[in-house]
Amino acid sequence: MKLLLLYCRRWWMIYLPILLTLCMLLAIVTWVWKPLPPKRLVIGAGPAPSSYFLLAQQYAQRLGAMGIEVQVVPHPRPQDPLGKLTAGAQGVDATFAQGLYAQEAPHALALAVIGHELVWLFGRDGMTHPGQWRGRRVAASVAGSSNRLMALRLLAHMGVPADEVSFTDHVGSSAVEALSRGEVDAVVHVAAGTSQTAIDLARLDGVQLLTVERSGSLAARDPLLRPVVMPQGAIELRGNIPDRDITALVTPTHLVVRADLHPALQRALLDVALELHAVPGFLERQENYPTQIGSNFPISEVARQHARGSRPWLETILPFGKAQWAALLVQGLLPVFLLGTFLLLRAPSIIEWRVGAALHHFYGELSFIEGDAQAPGAEQTQAREQLLHRLGELERQVLDMEIPDQFVARWYTLREHLAQVAERLTPGIPSSGPLGAAGPAKAAPPPSHG
């Protein structure tokens, strides 16, 4: 391509490609490499009165103070949000889940274990442990619920076939009524220590909490369970409920997110978890939770980094929302802007480099001619004519060269050098142009292209 054409069309052939490349880089940085977190976070929970729903509202309140809009979506069953999250359905970003459902949600990631839920076991007088359920009626909610899963797990550990136990679907207040009327003999209820259903069951006449024998060895074989001791009077001190120390089991409660949730939102959820769950709950000790130890779900890499104290430095000095914008600006947009400025400032040197390369080519050819002129036998007429012919061809190429006006001085200098070589090759002959009278080309005015 002619140099003058390149110069005249520099905006289309140099600057426009650079600007388009910068726009593409900005799009990649903004939407792919360093995207801003979504403006809304959806937390799935159980039905409105449940403990998970109330906990989700506490998260929503604290996240809202950080500038994150949170929508708490209730579901008929506590495990329903986990199913949506695992299936990748849009609408659920985070939820709370017991470790019992870990095998059913292989793609969900845990941020932390935020507490535990007790395996409440109640039976009528005369029943002391779950091994006595053979041939009895046990209220354990519907199939697939945490109550039913835990009941089947306990029976399997104790060697009692599940088909020898008659399960009913009673749960919550209906389980309390069924046990009080003698319609069932036992109730399995997996819930937090503040569960109103568990408190109502513990206050029933003729009903007592069942102990889990060899709970330590049982928990050692089952990572979903942990042994605890419920002290006498832990539920109600004045009523002395329970009336003795009870060996019980708990299962961990997890804060779970979908795998592709924005890292900034994961860190925000972890910050809230540290605030909410640092205070010990029922049968919990100070600083037990949140933790990543004993998680039944795979731990998110963001959560691992958070536990090590590793997080973007801007989040340590700025509020959450401003830190995200600052990170996008400092780590993404600013480098692209500096790169674009450098390329646009260096763009004129592309034309200069092309002109310099062309001129250096002619100087190289001229150097070869001068070298051949000094070789032995160059003084002969035939050899000198060949050199003058080569010099004339080179001169014609230089005359045909179109360059921008700011490089005309270098063009003239090259022609002067050509004329000097021509004079050395034609001694005694007056020169009427750069090549003299013997030259095949006349001197021409410099190309003027505005």
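Only one entry in 416, 365 is open to solvent by 20 Å² or more (accessible area, probe 1.4 Å), in contact with a Pro (Cβ under 9 Å, 6 or more places away or on another chain), assigned to a helix (DSSP H, G or I) and modelled with pLDDT of 75 or more, namely 416. Flag: residue 25 does not match the condition of being in a loop (DSSP other than H, G, I, E, B), open to solvent by 40 Å² or more (accessible area, probe 1.4 Å), closer than 30 Å to residue 338 by Cβ and touching a helix residue (DSSP H, G or I) at 6+ places or on another chain (Cβ under 7 Å). Pairs please, first residue from segment 257-279 and more than 21 Å from residue 296 (Cα to Cα) and polar (S, T, N, Q), second anywhere and modelled with pLDDT of 90 or more and not in a loop (DSSP other than H, G, I, E, B), Cβ atoms under 7 Å, 6+ apart in sequence or on different chains. Filtered contacts from segment 257-279: no entries. Select from segment 76-117 the residues that are crowded, with 19+ Cβ neighbours inside 10 Å, touching a strand residue (DSSP E or B) at 6+ places or on another chain (Cβ under 6 Å) and assigned to a loop (DSSP other than H, G, I, E, B) and list them in ascending order. The answer is 92, 93, 108. Can you confirm whether residue 321 is loosely packed, with under 11 Cβ neighbours inside 10 Å, under 48 Å from the mean Cα position of the chain (by Cα), under 17 Å from residue 267 (Cα atoms) and at pLDDT 80 or above? The answer is no for residue 321. Quick check on my filter: what residues within segment 261-292 are assigned to a loop (DSSP other than H, G, I, E, B), open to solvent by 60 Å² or more (accessible area, probe 1.4 Å) and modelled with pLDDT of 90 or more? Once the filter is applied, which keeps residues that are assigned to a loop (DSSP other than H, G, I, E, B), open to solvent by 60 Å² or more (accessible area, probe 1.4 Å) and modelled with pLDDT of 90 or more, segment 261-292 yields nothing. Among the residues of segment 197-218, is there at least one that is under 44 Å from the mean Cα position of the chain (by Cα) and closer than 17 Å to residue 78 by Cβ? Taking every residue of segment 197-218 in turn, at least one turns out to be under 44 Å from the mean Cα position of the chain (by Cα) and closer than 17 Å to residue 78 by Cβ.
In the condition set (1) farther than 17 Å from residue 176 by Cβ; (2) open to solvent by 40 Å² or more (accessible area, probe 1.4 Å), residue 224 is compliant with all but (2). Somewhere in segment 38-49, is a residue open to solvent by 30 Å² or more (accessible area, probe 1.4 Å), out of contact with any Lys or Arg (no Cβ under 7 Å at 6 or more places or on another chain), under 17 Å from residue 255 (Cβ atoms) and among the small types (Gly, Ala, Ser)? Within segment 38-49 (the criterion being open to solvent by 30 Å² or more (accessible area, probe 1.4 Å), out of contact with any Lys or Arg (no Cβ under 7 Å at 6 or more places or on another chain), under 17 Å from residue 255 (Cβ atoms) and among the small types (Gly, Ala, Ser)), the answer is no, since none of the residues qualifies.
The values are calculated or read from the model by the stated rules, or taken from the named source; none is laboratory data. Predicted model, so just to flag it, every value in this text is computed and none were measured. For neighbour counting, all protein chains shown are included, and Cβ atoms are generated from backbone atoms with ideal geometry for every residue, glycine included. Heads up: the accessible areas ignore ligands, DNA and RNA and are worked out on the full protein's heavy atoms, side chains in. Shrake-Rupley method; radii C 1.70, N 1.55, O 1.52, S 1.80 Å.
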